[in-house]
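Shown next, in structure tokens, is the structure this report addresses.
The values are calculated or read from the model by the stated rules, or taken from the named source; none is laboratory data. Since the structure is predicted, the reported quantities are computational estimates derived from the model, not experimental observations. Cβ sites come from the backbone with ideal geometry, for glycine too, and all protein chains shown count toward neighbours. Heavy atoms of the whole protein, side chains included, go into the accessibility calculation; ligands, DNA and RNA do not. Shrake-Rupley method; radii C 1.70, N 1.55, O 1.52, S 1.80 Å.
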Amino acid sequence: MTKASLIEFPDRIETPRLYIRPCMPGDGSDVFRAITDSRSELKPWLPFARKEQTLEEVEAGVRESFADFIKKTDIRLHIYLKETDEFIGSTGLHRIDWDVPKVEIGYWLNSRHTKKGYMVEAVKALTHFALHDLSCQRVEIRCDERNTSSRRVPEKLGFLLEGTFRHDHLDENGTDSRDTCVYSFVPEDLPD
């Protein structure tokens, strides 16, 4: 494959209700508000929600992610409602291996926007993009076995649960081990 940083990426990926675009410098305030709104719901599952961060720290993280996006070593994307341009969450292509190529999709939503099907809609579009536009041979989703909301996304989209990594990471307190479910979708899984 050509040098990763030269891979073309669209300004936005659209779905019926959403648009998904690369994170950009200046997005920190939207991300900061969404994390603040949702900290108690995100904290058990996502390490970044466990530490209180300042607006400046969140903005610095966005800018570091933008630099990774330019290099295509990690692709952090932000999700917006088409109707209002409101930031509602984040997704992205992580653990990228351009040699295969394969990616892992991660995601989280502002808790005010959960249970509306937005994440299923976003991940469906991102999976399609990875398989068709980036010619990925494998798309993964990994999540805590106990995070039933997160697990519903790949299950609704027809991802295969390949297995569970036992005692794969620690809980939010750093004391108890947890298990990680590994889901995958490959080109053969596409409907005819």
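Rounded to the nearest Hz, the phi-derived 3J(HN,Hα) couplings of the range 48-65 under the Karplus curve 6.51 cos²θ - 1.76 cosθ + 1.60 (θ = phi - 60°) are 5, 7, 7, 10, 5, 10, 7, 4, 5, 5, 5, 4, 4, x, 4, 5, 5, 5, where x marks glycine and proline. Dipole size of the range 98-153 about its Cα centre, with +1 on Lys/Arg Cβ and -1 on Asp/Glu Cβ: approximately 380 debye, rounded to the nearest 20.
Using the rule -39500 (n - 2.57) for each DSSP H run of four or more residues, divided by the residues of the chain, the 222 nm mean residue ellipticity is -9500 deg cm²/dmol. Which of rounded, prolate, oblate describes the range 55-167, given a ≥ b ≥ c as roots of the alpha-carbon gyration tensor eigenvalues and a/c under 1.5 marking rounded, otherwise prolate only if a/b is larger than b/c? Cα axes put the range 55-167 in the rounded bin.
FRET efficiency for PHE66 and ARG39, Cβ-Cβ distance as r, R0 = 25 Å, nearest 0.05? Let's see the in-between values first.
On the way: r = 23 Å, r/R0 = 0.93.
E(calc), rounded to 0.05, equals 0.60.
Inverting the pair-averaged 1/r between distinct Cα atoms of the chain gives 17.2 Å as its Kirkwood hydrodynamic radius. Contact order for the range 17-82, expressed relative to its length and based on alpha carbon pairs under 8 Å spaced 6+ residues apart, stands at 55 percent.
Using heavy atoms of the protein chains and a probe of 1.4 Å, the accessible area assigned to ILE105 is about 0 Å². Couplings for the range 102-117, taken from phi via the Karplus curve 6.51 cos²θ - 1.76 cosθ + 1.60 with θ = phi - 60°, read 8, 9, 10, 9, x, 6, 7, 10, 4, 4, 5, 10, 7, 6, 10, x Hz in order; Gly and Pro are left as x.
Taking all Cα pairs closer than 8 Å and separated by 6 or more residues, the relative contact order of the chain comes to 18 percent. Computed about the Cα centre, the dipole magnitude for the range 71-192 is approximately 280 debye when only Lys and Arg (+1) and Asp and Glu (-1) carry charge, each at its Cβ. The peptide list 90-97, 5-12, put in order of mean Cβ contacts within 10 Å with the highest first, becomes 90-97, 5-12.
Say R0 is 41 Å: what FRET efficiency, to the nearest 0.05, do LEU170 and HIS132 get from their beta-carbon distance?
On the way: r = 37 Å, r/R0 = 0.90.
Calculated transfer efficiency: 0.65.
A simple charge model with +1 on the Cβ of Lys and Arg, -1 on the Cβ of Asp and Glu and nothing else charged puts the dipole of the range 1-127 at about 360 debye relative to its Cα centre.
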